[in-house]
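So the structure is just underneath, and the comments pick up after that.
Just so it is clear, none of the values below were taken in a lab; they were calculated from the coordinates. Only a predicted model underlies this, so the values are computations on that prediction, with no experimental measurement involved. Because the Cβ atoms are built from the backbone with ideal geometry, glycine has one as well, and the counts that use them run over all protein chains shown.
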Amino acid sequence: MSWPARAALAFALLAAALAGLAVSLGAASASDSQTTTTTTEPPPTEPSIPPQPPVPAPIAFGVTVGGVQVGGMLPSEATEAVRAVYTRPLPLVVSPTRTIRLAPGELGARANVPKAIGRARVARPGRIVPLDVAVSTSRIRKYVDALARKLDRKAVDAKVLLRGVRPRAVEAREGRLVKRLAGARAIRYALKRNARAPIELRYELLKPKVESVEYRGAVVIMRSSNRLLFYNRKGLVRSFGIATGQSSYPTPLGDYEIVNMQRNPWWYPPPSDWAADSDPVPPGPGNPLGTRWMGLSAPYVGIHGTPDAASIGYSASHGCIRMRIADAEWLFRRVEIGMPVFIVAR
Amino acid sequence: MISLERRDGHPLRIGHRGAAALAPENTLRAFRAAVEAGVDLVEFDVLDLGGGELVVAHSYDLREVSHGALTGTILGRTLDGVRVDCPELPSLDEALAFFVEEAPGVGLHLDVKSASAVPRIASALRALDLVERSLATSFEHRALRRLAELEPGVRTGISFPADRAGVHGRHGTARLVRGALRAFRAVTPRLVPRLLARAGATAFVVHHALATPATVRTAHALGAAVVTWTVRDPRDLARVDDAGVDAIVVDDPTIFVSTLQT
């Protein structure tokens, strides 16, 4: 038997003797009188001196439980001290400006404090008593997974986007992916060790595929309004009335770019039933493409001049975007291959 | 050229400085509020800052441009400089882009405050293909003549009466103004032919107190539409509607629904 335990026993016996309980305690159980801290009713048979509960022995000097100094504390005080330290939230740093405070209980961790205190009561001075913390690895993983879904960001490629009908250049942005396994492991390890030092969540950085675009302008085609808007870096420069595809040959909606520019183009019949019986038309006054052709990345669709100015303002073409001859020439001077062309429904 | 005549027996609805009762006047926010309220045209003021930059503002008074936040003047300042105080102040280009991008079915009513702005207004309207959707009005007949020379497709209207002394809206002048308008009311029909001819205008843009049936008859006989400003009282609205005006400028476009059920 170790020294503190022996001392405790001697202390308890002395206390019992002083209270004069030798007779009355014969019926009552010894454990009852040892743990109770409230004064019990004096037994009616012995009205002399009320019984005094034994004072529990303090834990030996220098003992720690789960890293908490409990030396010299009574077991009840030690339990409270260990609980207080254990229930402190675990700070998880997700970004330089944001820290989440995790409650160990919510992550499914459970500390066996009574067991650790039991060991501390009989520990020699200076002993390090570990605190057993049961953790649920799957619950921590699940938590980190859910958190990561909120924190993960896709990489954004630099590109030209529409806001309403207005194009604007969007800069590239790095994406990030939470290192889930490492995060879950760090949390689990901290809980196991009863450590509450901030844990930094780590990320894998995702590089955008397109780092930058040079925005020099864009063409926006409003299909149902039959308008073509030309933008440069500063903003809207000009707006034109155009003809777009009739309902049976609608101009396709979407994001395209100019892939082909020709002055005084030949017209070749596209592989479509309306052009089945047509022959190629050389450049000249009757050419259906007028004097300029700006082909889009949409197949067989382009912006071109038209000798049929009366169709401007209507959905009359076979899918192409018709402009007045002079307007098409103006636009041709300002667009370039690779310039974005947005076709929107409005 | 934009049609200003009544449609299906109803006058056209014009939002004053956007919709001055619904949002800060002469801002894109006010334009949006007007378009949402279903106006046929949006009225706004075009001012030359002095250095050639055109903005949508009623006067050089910074108190007015900043919607009461500051005092001073914007004359001679740059657009970027004024924007520090009034971040919502639209340039003319931005205002016109709004009508192309966001409100393709709505007409423009440009109130030309600076005659020096006319050439740039003409070229801007042409570039954005807004000529056929625009009415330009002014108190300055020379500005309207110049605009018609540069861009004959824009419809023009002469505004009357000009408040040259700036008494309107000033404290304690309400009775004076009312008295003057009453005196003007009788003579206005006789002035209409000369005012229209001098400006070469095809619209007569008149204060609602002077929009009498006689004035409307005279203008219509000359082939001019009558636009009246700025109606705030439902009784005035009913009166000018009865007088037969073609278009009504209002601060709050919802007044049409509550008063005329249009």
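Close amide-amide hydrogen proximity is noted between residue A:66 and A:129, A:131, each under 5 Å apart and 5 or more residues distant or on a separate chain (H modeled in the peptide plane; Pro and chain starts excluded).
For the stretch B:185-246, the equivalent ellipsoid derived from the alpha-carbon gyration tensor has semi-axes of 20, 11, 10 Å in decreasing order. Karplus-derived 3J(HN,Hα) values for the stretch A:151-161, using 6.51 cos²θ - 1.76 cosθ + 1.60 with θ = phi - 60°, are 8, 4, 9, 6, 6, 10, 6, 5, 6, 9, 10 Hz; glycine and proline are entered as x. Computed over the stretch B:1-91, the convex hull of the alpha-carbon atoms projects to a mean area of 6.6 nm². Here residue A:195 and residue A:49 are evaluated by their C-beta separation; at R0 = 51 Å the FRET efficiency comes out at 0.55. Note on the stretch B:23-151: antiparallel DSSP beta bridges, both residues inside, total approximately 35 percent of the bridges counted. Peptide B:92-105 is shielded by partner chain Cβ atoms: per residue, an average of 4 of them sit within 10 Å of its Cβ.
Taking the Cα centre of the protein assembly as shown as origin and assigning +1 to Lys and Arg Cβ atoms and -1 to Asp and Glu Cβ atoms, the resulting dipole is close to 1800 debye.
Evaluated with a Cβ-only charge set (Lys, Arg +1; Asp, Glu -1), the stretch B:14-55 carries a dipole of roughly 180 debye about its Cα centre, given to the nearest 20. Which parts of the stretch A:181-224 would a label at residue A:146 reach, counting a residue when its backbone N lies under 18 Å from a point 7 Å out along Cα-to-Cβ? Backbone N within reach: A:181, A:183-185, A:187-188. Hey, quick one: spin label on residue A:182, modelled 7 Å out along Cα-Cβ, who in the stretch A:80-109 has an amide N within reach, i.e. under 15 Å? Output list for this probe position: A:93-95. Our estimate of slack between residue A:234 and residue A:98, defined as 0.36 nm per intervening residue step minus the Cα-Cα distance, is 45.2 nm. Label-to-label distance, residue B:142 versus residue B:94, with points set 7 angstrom from Cα along the beta-carbon direction: 3.1 nm. FRET efficiency for the residue A:161 to residue B:149 pair, using the beta carbon distance and R₀ = 35 Å, is estimated at 0.25. Amide H contacts under 5 Å for residue A:170: A:159, A:160, A:161, restricted to partners 5 or more places along the chain or on a different chain, H placed in the peptide plane at 1.01 Å from N. Kirkwood radius for the stretch B:170-215, taken over all pairs of different Cα atoms as the inverse mean of 1/r, rounds to 11.7 Å. Residue-normalised convex hull volume from the C-alpha trace of the stretch A:167-326: 185 Å³ per residue.
Mean projected area of the convex hull spanned by the Cα atoms of chain A, taken over all viewing directions: 30.5 nm².
Cross-linked pairs A:209/A:234; A:154/A:192; A:115/A:150: Cα-Cα separations exceed 29 Å for A:154/A:192; A:115/A:150. Using only alpha carbons, chain B has a radius of gyration to Kirkwood radius ratio (Rg to Rh) of 0.94.
The per residue volume of the convex hull around the alpha-carbon atoms of the protein assembly as shown is 314 Å³. Packing-based ranking of B:135-145, B:231-241 yields B:135-145, B:231-241, ordered from highest to lowest mean Cβ neighbour count within 10 Å.
The distance between label points at residue A:136 and residue A:337 comes to 6.2 nm (points 7 Å beyond Cα on the Cα→Cβ vector). For residue B:238 and residue B:217, what does the FRET efficiency come to when R0 = 22 Å and r is the distance between their Cβ atoms, rounded to the nearest 0.05? After rounding to 0.05, the efficiency reads 0.75. Would you mind computing, in nm to one decimal, how far apart the modelled labels at residue A:83 and residue A:248 are, each placed 7 Å from Cα along Cα→Cβ? That separation, rounded to one decimal, is 8.4 nm.
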